[in-house]
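Asker: Okay, here's the structure, questions in a sec.
The values are calculated or read from the model by the stated rules, or taken from the named source; none is laboratory data. All figures in this text were calculated on a predicted structure; none of them were measured in a lab. No Cβ is skipped: glycine too gets one built from the backbone with ideal geometry, and neighbour counts run over all protein chains shown. Surface areas here come from the heavy atoms of the whole protein model, side chains and all, with no ligands, DNA or RNA. Shrake-Rupley method; radii C 1.70, N 1.55, O 1.52, S 1.80 Å.
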Amino acid sequence: MTPAAIPPVAAIPPVLAEVVRSGFVEGHHRGSLVVLDADGRVELALGDPAAPVFPRSANKPFQAAAVLRSGLDLSGERLALAAASHSGEQFHLDLVRKMLAEWGLEPADLQTPPDLPLDPTEAEHYLARGLVRDKVTMNCSGKHAAMLAACALNGWETRSYLDPDHPLQRLVRTELEAAAGEPVAAVGTDGCGAPLMAIGLTGLARAFRSLVLGAPGSPGRRVADAMRTHPEYVAGTRRPDTWLMTEVPGTLSKMGAEAVQAVALSDGRALAFKIDDGAGRALGPVLARALALLGVDAPVRTRIGRAPLLGGAAEVGEIRATF
């Protein structure tokens with residue numbers, strides 16, 4: 001093999017969090033992170049925040065904005081639920097069913113995979129009642145209900161609403177690219193079956209910034225306002241996104257699977273990061289530290305950042321941010 005044919009060695013992402021047990025560092029979580037100042041300039045970049053990632057459910061606000069762009073007039077709790085990774089609490093499930101019924105749709109029309117509630121406590125209660133995995137219970141059912149309603153309004157095919165070439169999914173792509181200021185780098189399939197569009201973390205932070213700074217009444221701003229007004233419909237009563245949007249007014253926050261997080265403050269400061277190994281246990285400590293870098297000084301930071309390790313029934317260590 002000639003030197004010219006040797007493939008380049010990818011840079012190793014920096015450690016964003018470490019696992020400390022009994023005073024011994026037993027593991028690391030690497031990843032990339034970007035922080036934007038109020039003017040949208042990059043204030044801090046760790047790793048490679050320009051590299052495309054799948055934002056997973058952090059893309060949901062833009063899917064919800066595309067639903068509005070299609071002409072569907074959602075607002076309040078319904079719009080927040082359209083952008084949600086809900087916990088499967090009863091009020092979430094009730095509203096999903098109501099949204100479907102309002103458009104002559106049924107739970108069977110959802111193409112979400114049957115699942116248990118995302119929140120572990122809710123899942124325990126659900127199973128204790130003898131219930132089984134269900135399409136409505138899957139955390140993306142609010143988004144899918146809104147997508148189906150948009151199809152019903154426009155006379156679009158509902159059986160193919162998850163096809164990347166469906167008119168609604170083309171609207172999603174246009175919405176995301178405009179907000180991020182960059183083209184979608186790849187299209188895959190999310191856990192719920194919907195098209196999943198890759199952008200860089202810097203683009204994701206810019207996109208969240210565009211939501212909170214959007215003109216009042218614009219689709220993106222309407223989504224941001226609904227999420228911030230009804231955060232319990234975006235996540236649930238026991239989730240960090242809800243805590244942050246409730247306790248720091250004007251903040252927009254949305255997590256995604258595989259340890260992705262995006263946040264924008266009301267003045268345009270924003271952040272986005274991804275833990276490379278997808279470990280959700282590192283998300284809280286990294287988010288708390290990134291919020292501190294954004295200048296957020298509120299008790300919720302400690303609540304979000306706490307990630308203890310147990311030895312038996314005793315606390316013997318923690319997962320902590322390293323930057």
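Asker: May I ask you to derive the FRET efficiency for residue 293 and residue 28 from their Cβ-Cβ distance with R0 = 25 Å, giving the value to the nearest 0.05?
Answerer: About 0.80, to the nearest 0.05.
Asker: Can you tell me which aspartates and glutamates have their Cα less than 18 Å from the Cα of residue 98? Leave out same-chain residues fewer than eight positions away.
Answerer: In chain and number order, the partners are 73, 77, 89, 106, 109, 134, 232.
Asker: Explain nothing, just the number: relative contact order of the chain, from Cα pairs under 8 Å at least 6 residues apart, as a whole percent.
Answerer: 24 percent
Asker: Still on this structure, I have one more. So, in nm, how far is label residue 132 from label residue 94 when the simple model puts each one 7 Å beyond its Cα toward the Cβ?
Answerer: Placing both labels 7 Å beyond Cα along the Cβ direction yields 2.6 nm.
Asker: With only Lys, Arg, Asp and Glu charged, each at its Cβ (+1 for the first two, -1 for the last two), find how big the charge dipole of the chain is about the Cα centre; round to the nearest 20 debye.
Answerer: My answer is approximately 240 debye.
Asker: For the chain, what is the accessible area per residue in Å² when the probe is 1.4 Å?
Answerer: The answer is 42 Å² per residue.
Asker: Quick check: Cα centre of the range 278-323 to Cα centre of the range 103-134, how many Å?
Answerer: Rounded to whole Å, the Cα centres lie 30 Å apart.
Asker: Given points 7 Å out from each Cα along the Cα-Cβ axis, report the residue 170 to residue 102 separation in nanometres with one decimal.
Answerer: In this crude label model, residue 170 to residue 102 measures out at 2.7 nm.
Asker: If I compute solvent accessible area with a 1.4 Å probe over the protein chains, what percent of it on the chain is carbon and sulfur?
Answerer: Result for the chain: 53 percent of the exposed heavy-atom area is carbon or sulfur.
Asker: For residue 27, what residues show an amide H to amide H distance below 5 Å, using hydrogens built from the backbone and excluding near sequence neighbours?
Answerer: Those lying under 5 Å, H to H, from residue 27 are 19.
Asker: Okay, moving on. Please identify the cysteines of the chain that lack any partner cysteine with a Cβ under 4.7 Å from their own Cβ.
Answerer: Cysteines of the chain left without a disulfide-compatible partner: 151.
Asker: Which FRET efficiency value, to the nearest 0.05, is calculated for residue 154 and residue 20 with the Förster distance at 45 angstrom and r the Cβ-Cβ distance?
Answerer: So, using R0 = 45 Å, E works out to roughly 0.25.
Asker: How much mean residue ellipticity at 222 nm does the chain get from its helices, if each DSSP H run of length 4 or more adds -39500 (n - 2.57) and you divide by all residues, to the nearest 500 deg cm²/dmol?
Answerer: Roughly -11000 deg cm²/dmol at 222 nm, from the helical runs in the chain.
Asker: At 7 Å along the Cα-to-beta-carbon direction for both residue 309 and residue 121, put a label point, then send me their distance in nm to one decimal.
Answerer: Computed distance between label sites residue 309 and residue 121 equals 2.6 nm.
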